[in-house]
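One structure is given here, and the rest of the page talks about it.
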Amino acid sequence: MSPGVIQALVLRHLYLYRRNPIRLVELLFWPIMEMMVWGNLSVWLDKSKGGAQIPTFIPYLIGGVILWDVLFRAQQAVAISFLEDVWTKNLVNILVAPVRPLEYVISGCIVGLLRIGVTVIVLSILAASAFHFNVLQFHWNLVPFFGLLMLFGWTLGLISSALILRWGQGAESLAWAVPFLIQPVAAVYYPIGDLPWWAQTLGWLLPCTPVFEGMRGVLSHGTADLRLLGLSVVSNLVWMAFGAGIYLYVLNAGRRNGTLTRVTSH
Amino acid sequence: MAGVIIVTGSPGKPAADADADCLWNAIARPRGPVTDHGMSEPVLVVDRLHRMFGESVALENLSFSLSRGEVVGLLGANGAGKTTAMSIILGLTTATSGSVSIFGMDPLKNRIAVLRRTNYASAYTDLPGNLSVAQNLRVFAGIYGVKKPVPKIHELLEMLEIAHLKDRTTGHLSAGESTRLHLCKALLNDPELLLLDEPTASLDPDIADKVRKILRRIQQERGIAILYTSHNMRDIEEVCDRVIFMHQGKVVTEGSPAQVISRFNETSMEDVFIRIVRDGDLEAVGK
Ligand SMILES: Nc1ncnc2c1ncn2[C@@H]1O[C@H](COP(=O)(O)OP(=O)(O)OP(=O)(O)O)[C@@H](O)[C@H]1O
Ligand SMILES: [Mg+2]
């Protein structure tokens with residue numbers, strides 16, 4: 001693996017953001033909007049605390065929304081950095097260059113990490129000034145959960161990229177829908193125990209389900225269930241291998257049936 | 001440089017050249033098939049390539065080789081299979097049967113090693129339109145591991161006369177300017193094998209002429225092997241040492257432009273082209 005190649009592929013995205021600041025708006029717009037909505041809701045809940053007891057489902061819901069966003073944004077970051085090359089018809093140049101698929105995928109993940117980094121910094125500043133919310137008082141137990149969701153988001157991004165590679169830009173909307181395909185069984189907003197058995201089985205096959213379950217544990221009694229974390233780590237590794245397998249399969253199938261050149265040039 | 005000697009050599013080869021060749025063979029050349037030019041080890045060998053797309057045949061029994069310092073033109077009507085052949089050589093498409101060997105290696109097994117020493121430019125791809133010209137070249141210089149990217153990029157931009165456009169947004173270039181940028185990208189890694197799919201499409205006659213001269217020059221100076229497709233017969237006559245005429249996926253005739261023109265009793269490549277395309281499968285006509 002060549003660090004120089006990965007660096008060059010990341011550089012391409014840094015140039016993109018530097019040259020087109022409007023792209024940064026997209027990076028910050030949704031998180032800021034969500035922050036305003038959920039921040040205001042929290043403030044209101046805090047104020048009304050003196051009166052009635054806040055139902056437990058409220059923090060569950062907010063936690064679910066925030067964590068789901070982590071997963072969704074990570075998936076998007078990888079899919080967008082791939083689409084960037086599809087949109088600009090640059091993919092052929094990459095495919096005929098000495099770039100290994102793994103180097104390409106890693107560069108997409110690094111770009112995703114940088115994007116999340118920027119988002120977190122800006123949101124923390126905003127949260128501190130607008131809602132007097134200090135990230136340092138945050139539930140630090142949730143950090144590993146963020147990491148695990150990000151990993152799974154990247155894997156889903158890889159699978160989305162594979163869909164586009166196979167079916168071309170027509171599959172773009174399908175690629176956006178990938179995370180929502182799993183949402184119903186991933187127990188994002190409700191405990192998995194309330195689902196029918198078959199949905200529970202499907203749900204436990206996903207690395208994000210233990211995370212959402214664990215998040216509710218942290219919110220209700222402050223500690224993270226290490227078994228859930230472990231399950232998510234293992235499941236993430238299996239899914240990553242699966243995602244990489246699909247991607248490589250589609251790449252090679254594209255070479256075999258000649259669709260690769262159709263997707264990548266005009 | 002063996003390639004250049006032979007490219008410019010006369011049919012009645014002087015003894016000194018032959019001796020030099022023998023010596024070269026003895027000391028430097030790895031063993032392997034020799035082309036019809038009796039040149040050095042071929043850079044590219046395409047052997048009985050066959051490609052089907054469903055029921056239709058895109059390539060049928062395509063064989064040819066390309067030596068160091070040689071420019072070969074792949075000609076044929078729209079749909080003849082030129083781009084398909086290039087895609088197979090580049091590993092973008094696989095062959096239904098047959099094989100490709102580049103620098104003596106199987107490109108499917110040694111993809112990275114082969115691609116480091118190869119490059120490609122086509123009228124059908126773009127570079128990211130939202131980056132500047134220089135940024136795009138810096139990214140690809142990084143990808144190809146160019147040692148001193150800044151002077152290299154400068155040199156290429158100067159050579160293709162687009163240095164004044166280096167800060168221009170790539171998407172805002174005119175077609176001819178972006179073609180020249182593609183050529184810069186394709187020359188970044190000093191490739192030993194260069195595949196050009198209609199590189200002069202959309203160039204004005206002045207720039208097209210300059211590009212032909214540049215290609216000739218780098219081919220002579222650096223001994224690059226170039227596989228070239230173009231619908232511009234002037235290009236072909238000026239740039240190519242040898243042409244391969246394809247029709248419906250098959251090779252119809254092959255030789256130097258002058259040989260092919262005289263074989264068909266025509267006065268120009270353009271006339272040969274029209275005859276081949278209109279008369280269909282014409283091995284007989286060619287003889
Ligand atoms: N991916 C594909 N799927 C199906 N058919 C294809 C595919 N790629 C090429 N073909 C068919 O193979 C044949 C050869 O196409 P190719 O693009 O190689 O022609 P070409 O010689 O490059 O033509 P042009 O001069 O128009 O560029 C055509 O009939 C084309 O329709
Ligand atoms: Mg073509």
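Nothing in this text is a laboratory measurement; each read-out follows from the coordinates by a stated rule. Keep in mind the model is a prediction, meaning the values are calculated, not measured. Every residue, glycine among them, receives a Cβ derived from its backbone with ideal geometry; neighbour counts consider all protein chains shown.
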Review point. Cα to Cα, under 20 Å, and not fewer than 8 places away if on the same chain: which aspartates and glutamates meet these conditions relative to residue A:89?
Key: A:103, A:172, B:126, B:177, B:197, B:198
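Give me the net charge of residue A:80's neighbourhood, meaning all other residues with Cβ under 14 Å from the Cβ of residue A:80; Lys, Arg count +1, Asp, Glu -1.
That works out to 0.
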Exercise for review: Treating cross-link reach as a plain straight distance, find the aspartates and glutamates whose alpha-carbon is under 17 Å from the alpha-carbon of residue B:250, omitting any fewer than eight places away in the same chain.
Suggested key: B:47, B:55, B:60, B:279, B:281, B:283
Point to revise | Amide H within-cut-off set for residue B:120, under 5 Å, with H built and near neighbours excluded | key: B:195
Review point. HN-Hα J couplings of segment A:114-121 from phi, Karplus 6.51/-1.76/1.60, θ = phi - 60°, integer Hz, Gly and Pro as x?
Key: 5, 4, 5, x, 4, 4, 4, 4
Check your understanding: Okay, which of segment A:169-208 sit inside 16 Å, backbone N to the point 7 Å along the Cα-Cβ direction of residue A:233?
Key -> A:207-208
Point to revise | Estimated dipole of segment B:141-227 in Debye, rounded to 20 [Cβ of Lys and Arg +1, of Asp and Glu -1, Cα centre] | key: 280
Practice item. Work out from phi, with θ = phi - 60° and the Karplus expression 6.51 cos²θ - 1.76 cosθ + 1.60, the ³J(HN,Hα) of each residue of segment B:200-208, listed in order in whole Hz, and give x for Gly and Pro. Key: 9, 4, 6, 8, 6, x, 5, 5, 4
Check your understanding: Quick one: A:249, A:189, B:144, fewest Cβ neighbours within 10 Å first, how do they rank?
Key -> A:249, A:189, B:144
**Study point:** Top positive-direction residue, dipole computed over the protein assembly as shown with Cβ charges, set A:114, A:260, B:195
**Key:** A:114
Study note, to complete from the structure: At 25 °C and 0.890 mPa s, the Stokes-Einstein diffusion coefficient in µm²/s for chain A, with hydrodynamic radius from the Kirkwood sum on alpha carbon pairs, is 123
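Quote to one decimal, in nm, the extra length available between residue A:167 and residue A:189 on full extension: 0.36 nm per residue of separation minus the C-alpha distance between them.
4.7 nm
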Practice item. Using the structure shown, select from B:152/B:210; B:82/B:152; B:166/B:210; B:109/B:152 the pairs with a Cα to Cα distance greater than 24 angstrom. Key: B:82/B:152; B:109/B:152
**Study point:** Gain on full stretching of the segment that runs from residue A:43 to residue A:129 - 0.36 nm per residue minus C-alpha separation
**Key:** 29.6 nm
Check your understanding: Counting only residues 5 or more places away or on other chains, whose amide H sits under 5 Å from the amide H of residue B:52 once H atoms are built in the peptide plane?
Key -> B:58, B:96
Check your understanding: In whole Å, how far is the Cα centre of segment B:210-239 from that of segment B:140-164?
Key -> 20
**Study point:** 10 Å Cβ neighbours from other chains, averaged over peptide A:82-95
**Key:** 5
Point to revise | Counting DSSP beta bridges with both ends in the protein assembly as shown, the antiparallel % (nearest 5) | key: 50
Point to revise | Loop sites in segment B:82-138: trypsin sites (Lys or Arg not before Pro), DSSP, at most 12 other Cβ within 10 Å | key: B:109
Study note, to complete from the structure: Between the residues B:170, A:200, A:83, the Cα farthest towards the positive end of the dipole of the protein assembly as shown, that dipole coming from +1 and -1 charges on the beta-carbon of Lys, Arg, Asp and Glu, is from A:200
**Study point:** Placed amide H near residue B:76: partners under 5 Å, 5+ positions off or other chain
**Key:** B:246
**Study point:** Shielding score for B:133-141, defined as the mean number of other chain Cβ atoms within 10 Å
**Key:** 4
**Study point:** Residue mean of other protein chain beta carbons inside 10 Å, A:12-18
**Key:** 4
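Place a +1 charge on the Cβ of each Lys and Arg in the protein assembly as shown and a -1 charge on the Cβ of each Asp and Glu, then give the dipole magnitude about the Cα centre in debye, rounded to the nearest 20. List each step's numbers first, then the result.
Numbers: 48 positive and 46 negative charges, 226 e Å.
The calculation lands at about 1080 debye.
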